[in-house]
Structure formats: C-alpha cells, structure tokens
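Enquirer: My structure is below; once you've seen it, I'll send some questions.
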Amino acid sequence: MYASYLNSLMEAFSRRMGLVLVGFAVTWAVVFNWLVHFIPLNDGSTMVYLGKRMMGPGSLAQPALLGIGAEITGGLFWMLLSILAAAPLLSTTLDRGWLELTLSKGTARWRVFLGRYLGGCTLYLASVVIACTPLEVRFWWNTGIGPWPLLVAMLIQTFIFASLLSLAALAALPQMGPAPPILLSLMVAILAPVLAARKIGLYQILTSNWSRGLIDWMYRILPKTHELQGASTIFIRDRVIESWFPFWSTGIFMAVMIALALWLLHRKSL
Amino acid sequence: MLGKYVPALNGVSLRVERGTVFGLLGPNGAGKTTLLKILLGLAQPTSGTARLLDSHPGNTAMRRKIGYLPESMRIPDYMRANRFMWYMGRLNRVPANVLKKRIPELLERVSLGGVKKPVKAYSKGMQQRLGLAQAMLNDPELLFLDEPTDGLDPVGRKEVRDLVQHLRHEGKTIFLNSHMLSEVELVCDHVVILNQGLVARAATPEEFTRGTGEYQVRVAEASDAVRAAAATIATTGDWRGTTLHFKPRDRAQLNALLDKLRSVPVEIESIEPVKFSLEQFFMQVVSGGNS
C-alpha cells in the first residue's frame, strides 16, 4: 500500500491541477503572512495587525485570523480545486492497460486502491498545511499560543475532504474517466450546505411530507460537510466540539463508500 | 442484456511443465487473453479452477513469483522508466536494495539503459521493451508474455526471441501468447491452438510441422529424358522447373526414383521432405480443416 501511496503523491505533484493547488496554497500563505504583522508593546504583550487593521492581542487575533484561513481552506473553492487534483488519481488507477499491469502484481487490489485514496487525502492535507501553518508558526513564535487547535481543525477539514473523495472512489469504478467522480463529489459538496439549511430553504419550496422526508433522509445519509466546516472554525475559536453527530454520520458514510468501492474492485473481472 | 451469451472459454484444460516455453495461439477472439487473465487472477471463470505454481491464481504471494507483460500495456505519461520499474518492483515487494541493482541491469538488457526521456515520448517498441523489463523485475519463476513482439522491428523481435531462449536456459517457465507464428515455432516447446474458446490442437511445434510425406527432388537439368525416366516411377509427380514434387508410397519408391534419375544420367542437387509450416497448420485448424 505504501508503494501505491507514494506513487499517487508523485502523480499528484506531476499533474497540472496538483501544481495549481499547491501554487494556490503557497500564494495564500505568502499573501496572508505578508498582511499580518506582530507589533511588540512596552508591557511585553504583542499586538496583531491585519494590514492596518488592529486585530487585538494574540489570544484574540489568533482564532480570528486562523479562522479566516480555515474558512478558505475548507471552502467550496478549495474543495473544488482539491477534488479536481485528487479524483483523477483514483480514475487513472483504473485505466485499461495500466490496471492489468498493477493488479497482476503481488499486492492485493484493495491495498493498491486504498493507497491511491490516501494519497489523494494527503494531497489536500498538504495544501492546507502549506496554506495555514506558516502563520500559525509565527503566532506561536510571537505570542506563545500553541498550534494544536489549528492542527485539529486541519484534521477535521481533511476528514471532510476524505468523505467527498470516498464518493469519488466509488464513482471511479465504472471506468468512465475522471468526470463522474469529480462531478458527483462536487455535487455533494454543493448540496451539503443546502441540506444543512433545509428548514429555512428547501422546506419553503417543498411542502409535502414525503418530499421533506426525502430531503431529511438525504441529509442524514450524505456527508455533513457544512457542519464539519463550522466545527473546524469553532474549534479554533472555542476549542470545543459542539456536536459529534456530523462526525460519526459522515464517518459511517465514508466507511461505507470505501468498503463498497474496495469490495467492487475486489470482485471486478478485468 | 438481451445479447447472446457466448462463452469466451469452454472446457479448456492445460498443463504446463516447469522450465518450458509454452505457446498459445489462436485467432482474434479465441479466448487467449481471457485465459491469461484467469490464470493471473484478473478475471474470474464462471466455472472451473486454475492452479498456478501449486496455488490459487488470486494468491498475492504466488503472484510475486510471476512476471506479466499485458497485450495493451499503458504506462502513465508522467512516469520515467526508472520510476515505473521501481513502482512495479515495490508492488511485487522486491526489496529496495535489490531494485537498485536490478533496474539498471534490466534496462540495459532491453537496450533502454541510457534513455532519459519520459515514457510518453517512447516509441511503441521502446514501451514494449520496458514492459518486458518490468516483467522480469522480480526474477519470476513463471512469465506470461502477451504479444511480446507487438510493435517491435525485426531486430527487436530477434532480441525478444533471444531473451526468451535465455530465460528458458535459466529454468524459467514462459507462457507466450503471440500472433507471430514463426516466433512461436522458433522458441516454443509446446503449442496449443485455441479456437472459439476450445483447445483445437495441442502438440510440440515439431509435431505440428511434421512431414507431409511429399519430397522435393531437385535436379541439375529437367530434360525430356529426365522427365520420362521420372514418370516411370513417380506417376503422380509434378515438375516445377527443375524440381519434382513427389509423394512416394514408401522409402523404397523414393530410392527407386533416385536410381532411375541417376541412370539417365542427371545430377541430383537436393532431396528435401516437404513439411507443414506452423502457419499452414494453424490456418487449417482455425478454418476447421483436418490435420
């Protein structure tokens, strides 16, 4: 699995979209760090500025600024870029001519595919680390405020991405190229906030009980990316997880998608 | 869904001895690649079993002892030969220190030693040679080569033949699936012809290319006297230039013909038994003819 994992990372960073994602993360890190200044005061404390705007002392500025970063890296645009970069890693595994070659080797099919999947998740995590860690390190250096809330937030965001990529993994199996996995996972990423706010949105349009029931079931089944994204920024600010429901329900969705994809691949006759 | 069910293979039973080169022949759609995929655990048979190196084809530990060159191999564009070989080796759990030594050796062996460009810039023949190199990476006991000379020029084909012979001398078992009948004839110890999913014939190339019973007797000059003398013995003979095509009843009749010709007198330049070529035999089998 490790060989497949390393190979997927190598492929990711050889692809244009992978480089765009990393380039975007580097640009974001440079711009954000350039805007944030730390001014030491006479009383020994440090004042933080975003451009000319005073954000307050480190204890107030850190959650606010890292929260902005987390909202960007967990936002739809970043997810879109990451899916465009990572989903082809799964579909190319199943390319005819290459699939026969890799699956005839002495590594189980599920290990090859899972290695690729984990490679895709690592690509996203790497982009988030590149984008957010430099500022956090500066905070740590200048104010002494530790990085662990950001680390937890980054893991939550990677969890969101992993749930979307698990759907892409399943959608890659019919060997129809990268388009179905990308479209399906993007559709879920777009639909998740709509479903989360269904009581003030969709319920106004859908008035019948059965349609509302259907929407409720969709919400229960699909990943709760919107709530998880909120949980990551709240954790940076308050260091608490308010509800575990989005975590375990998304975890079940992800586990089922991956298990189904691996089982279908195991049974696939080439 | 409403299409007709056609079995790709039907009751195929083969036994391949270790240390031999086994040729699998057949027209397109005969089931050759399907058979290979079943043996490699890439496809599941609807019924029946396959055993490979005393193990089930899906066994990953067993697959580490196998090398495979697929028919339509596709290597991702971003890869270079070294990286590709490294990945293939690691998938077969070949230790890193062994790979460091074997990869340059094998690339040299398939004449790709100094090539630095990415695989996407390789010609078909170069890709095929790279595929052969990866198949040998784990020092396999058994090699499956599906159309190994596809896309190669005559020099490349000769190199592959030499490689196969060399591997046989090393004690490897080679399963060769090829359309190139002349190659199969040259390198294989046993040949099976598949047709419409069935084993149509199985024998050694020598058995396939055994004599037809006919001889070609070439003389220095086919004068009327020579032809008349020959006609007394070879009543069914057929002259083509200075060569008489003749199917004697037995060796005595052939000797009688030669004695007659010498008594004319005429110089006999050569006597050759006419043999089936594998291609003739193959065409006969796949078109439903009798051998």
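Enquirer: So which residues in region B:49-74 are touching a residue at least 24 places away in the same chain (Cβ under 8 Å) and either within 8 Å of chain A (Cβ to nearest Cβ) or assigned to a loop (DSSP other than H, G, I, E, B) (or both)?
Expert: B:Leu53, B:Arg63, B:Arg64, B:Lys65, B:Ile66, B:Tyr68, B:Pro70, B:Glu71, B:Met73
Enquirer: Contact list please: Cβ distance under 6 Å, first residue in region A:201-216 and over 22 Å from A:Ser249 (Cα atoms), second residue assigned to a helix (DSSP H, G or I), pairs at least six apart or on different chains.
Expert: So the pair list comes out as A:Leu206/A:Arg212.
Enquirer: Inside region B:173-246, counting only helices (runs of 4 or more DSSP H) that do not spill past its ends, which hold 1 or more residues that are touching a Cys at 6+ places or on another chain (Cβ under 9 Å) and modelled with pLDDT under 80?
Expert: B:205-208
Enquirer: How many residues does region B:78-116 hold that are surrounded by 13 or more Cβ atoms within 10 Å (Cβ to Cβ) and outside any helix (DSSP H, G or I)?
Expert: 10
Every residue, every condition in (1) within 28 Å of B:Lys120 (Cα to Cα); (2) surrounded by 22 or more Cβ atoms within 10 Å (Cβ to Cβ), yes or no:
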{"residue": "B:Thr34", "(1), (2)": "yes, no"}
{"residue": "B:Leu53", "(1), (2)": "no, no"}
{"residue": "B:Thr60", "(1), (2)": "no, no"}
{"residue": "B:Arg63", "(1), (2)": "yes, yes"}
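Enquirer: Same structure again: For region B:123-138, which positions are surrounded by fewer than 23 Cβ atoms within 10 Å (Cβ to Cβ) and without any contact (Cβ under 8 Å) to a residue 40 or more places away in the chain?
Expert: B:Ser123, B:Lys124, B:Gly125, B:Met126
Enquirer: Sticking with this one: Just one of A:Phe38, A:Phe13 is surrounded by fewer than 18 Cβ atoms within 10 Å (Cβ to Cβ), modelled with pLDDT under 90 and within 14 Å of chain B (Cβ to nearest Cβ); which is it?
Expert: Sole residue among the options that is surrounded by fewer than 18 Cβ atoms within 10 Å (Cβ to Cβ), modelled with pLDDT under 90 and within 14 Å of chain B (Cβ to nearest Cβ): A:Phe13.
Enquirer: Would you please name the residue that is nearest to B:Met88 (Cα to Cα), looking only at residues in region A:73-94 that are surrounded by fewer than 17 Cβ atoms within 10 Å (Cβ to Cβ) and of a type outside the set (Phe, Trp, Tyr)?
Expert: Applying the filter and picking the extreme gives A:Leu80.
Enquirer: Now for a different question. Can you tell me which residue within region B:193-239, out of those that are among the aromatic types (Phe, Trp, Tyr) and touching a residue at least 40 places away in the same chain (Cβ under 8 Å), is surrounded by the most Cβ atoms within 10 Å (Cβ to Cβ)?
Expert: B:Phe208
Enquirer: When you scan region B:134-146, how many residues do you find that are modelled with pLDDT of 90 or more and either hydroxyl-bearing (Ser, Thr, Tyr) or under 16 Å from B:Arg74 (Cβ atoms) (or both)?
Expert: Here the count works out to 2.
Enquirer: I want to confirm something. Restricting to region A:16-35 and keeping residues that are closer than 30 Å to B:Ala81 by Cα and of a type in the set (Gly, Ala, Ser), which single residue is modelled with the highest pLDDT?
Expert: If we take residues in region A:16-35 being closer than 30 Å to B:Ala81 by Cα and of a type in the set (Gly, Ala, Ser), then A:Gly23 is modelled with the highest pLDDT.
Enquirer: Test of understanding: among B:Leu36, B:Leu9, which residue is in contact with a strand residue (DSSP E or B) (Cβ under 9 Å, 6 or more places away or on another chain), more than 9 Å from chain A (Cβ to nearest Cβ), within 19 Å of B:Ala200 (Cα to Cα) and at pLDDT 85 or above?
Expert: Testing whether each residue is in contact with a strand residue (DSSP E or B) (Cβ under 9 Å, 6 or more places away or on another chain), more than 9 Å from chain A (Cβ to nearest Cβ), within 19 Å of B:Ala200 (Cα to Cα) and at pLDDT 85 or above leaves just B:Leu36.
Enquirer: For region A:105-127, state whether one or more residues are among the polar types (S, T, N, Q) and under 30 Å from B:Pro140 (Cα atoms).
Expert: yes
Enquirer: Let me ask something else. For region A:76-170, which fully contained helices (runs of 4 or more DSSP H) count at least 2 residues that are away from every other protein chain (no Cβ under 14 Å) and β-branched (Val, Ile, Thr)?
Expert: Qualifying helices (runs of 4 or more DSSP H): A:109-143.
Enquirer: Could I ask something else about it? Just a yes or no: is a residue in region B:265-272 of a type in the set (A, V, I, L, M, F, W, C), out of contact with any Phe, Trp or Tyr (no Cβ under 9 Å at 6 or more places or on another chain) and under 25 Å from B:Met180 (Cβ atoms)?
Expert: Taking every residue of region B:265-272 in turn, none turns out to be of a type in the set (A, V, I, L, M, F, W, C), out of contact with any Phe, Trp or Tyr (no Cβ under 9 Å at 6 or more places or on another chain) and under 25 Å from B:Met180 (Cβ atoms).
Enquirer: Looking only at region A:116-164, filter to residues that are without any contact (Cβ under 8 Å) to a residue 40 or more places away in the chain and under 15 Å from A:Ile83 (Cβ atoms); which one of those is surrounded by the most Cβ atoms within 10 Å (Cβ to Cβ)?
Expert: Per the stated criteria, the residue is A:Thr158.
Enquirer: Could you list, in sequence order, all residues of region A:223-270 that are buried (at least 19 other Cβ atoms within 10 Å of the Cβ) and assigned to a loop (DSSP other than H, G, I, E, B)?
Expert: Scanning region A:223-270 gives A:Pro223, A:Lys224.
Enquirer: Quick one: is A:Tyr219 assigned to a helix (DSSP H, G or I), of a type in the set (Ser, Thr, Tyr) and modelled with pLDDT under 90?
Expert: No, not satisfied.
Enquirer: When you scan region A:183-196, do you find a residue that is part of a loop (DSSP other than H, G, I, E, B) and either of a type in the set (Lys, Arg) or more than 13 Å from A:Ile160 (Cβ to Cβ) (or both), even just one?
Expert: no
The values are calculated or read from the model by the stated rules, or taken from the named source; none is laboratory data. Predicted, not measured: the structure shown is a model, and the values here were computed from it. Note: ideal-geometry Cβ built from the backbone for every residue, glycine included; neighbour counts use all protein chains shown.
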